[in-house]
Structure formats: structure tokens, C-alpha cells
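See structure below.
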Amino acid sequence: GIVEAADLIVINKADGDLLLPAKRAQGEYRNGLHYITKQHAWWSPDVLTCSALRKESIDAVWDRCNKFWELGNGNGAIEKIRGTQRAEWMWKKAESDINMMMRQRPDIEKLADEYKVLLGRGEHSPRWAAEKLVRAFL
């Protein structure tokens, strides 16, 4: 889930009637973080509250963000994370481009329409249809 990937959780609207629910949620998230494996040996995720409306605790949020950035840049972790992300984005872009190229070919679209009928009847598996489409495309 998203919480497992979070380096910082910020609960906004911690003001007025929502202050107590925000503080309660902060405590619950903090307790939950104890059960999640840390993403970075050099960083412990935290949960902060703020009120953008009243401009309260925004500086604390930015201080924590800057601390993460300082530590991560200082030990090279941010660049390593960015490198991994760039490689993932490369593959996502390649997959998206190939998908678009396949869909632009009338012969592939015709096969796909035929396979959809067979899949709908349960006559073949999605894996079978995908492999056939890719072979036809290549």
C-alpha cells in the first residue's frame, strides 16, 4: 500500500472541529508505522499534522522534507532511488509505446477482437491470447 512507501505522512486540516480527529489519526498512523519495514536504513518515517488554512505547522512539514533531502543527498540514496525510478519509467514508456504501436495495426486489432470472443467463451487463457498477439506483431 501507499503507507508502506511513505517517507512522511502529513495530515492536513488539523484545525477546528477536525483537530482532535487529526491528532487521533496521527497516533494511529504512528502506531502502524512500527509494523512496517523501513524503506531506508537512514530514515524513519513520521506522521505530522498541519493546517494549511491557518498556516500552522507548515514549517515543520518542510523542515522534515528538507531533512530527508539532506540525509538522502548526503549519503547518495536519493540519486540511487532516482536511478531506479528512471529505469522503471523507461520500461513503462517502452511498454506503453509498444502497446500503442500494436493497437495502431489493423491486423493486430482484428486478431485481438477475435481473441476477445474466444476469451469471453473461456476457450483460451489471456496468456495464450497475449502470446499470439505478440508473435503476430513481431
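The values are calculated or read from the model by the stated rules, or taken from the named source; none is laboratory data. Everything quoted here is computed from the prediction, not taken from an experiment. Cβ atoms come from the backbone with ideal geometry, glycine included; neighbour counts cover every protein chain shown.
Of note:
- Single residue of segment 74-117 satisfying the filter (within 30 Å of residue 44 (Cα to Cα) and either touching a residue at least 24 places away in the same chain (Cβ under 8 Å) or more than 21 Å from the chain's Cα centre (by Cα) (or both)) that is surrounded by the most Cβ atoms within 10 Å (Cβ to Cβ): 77
- Restricting attention to segment 3-27, the residues that are surrounded by 12 or more Cβ atoms within 10 Å (Cβ to Cβ) and either within 18 Å of the chain's Cα centre (by Cα) or not small (Gly, Ala, Ser) (or both) total 16.
- Residue within segment 25-48 that is in contact with a Gly (Cβ under 9 Å, 6 or more places away or on another chain), modelled with pLDDT of 95 or more and aliphatic (A, V, I, L, M) present: yes
- Restricting segment 40-51 to residues that are assigned to a loop (DSSP other than H, G, I, E, B) and out of contact with any helix residue (DSSP H, G or I) (no Cβ under 7 Å at 6 or more places or on another chain) leaves a set whose member that is surrounded by the most Cβ atoms within 10 Å (Cβ to Cβ) is 44.
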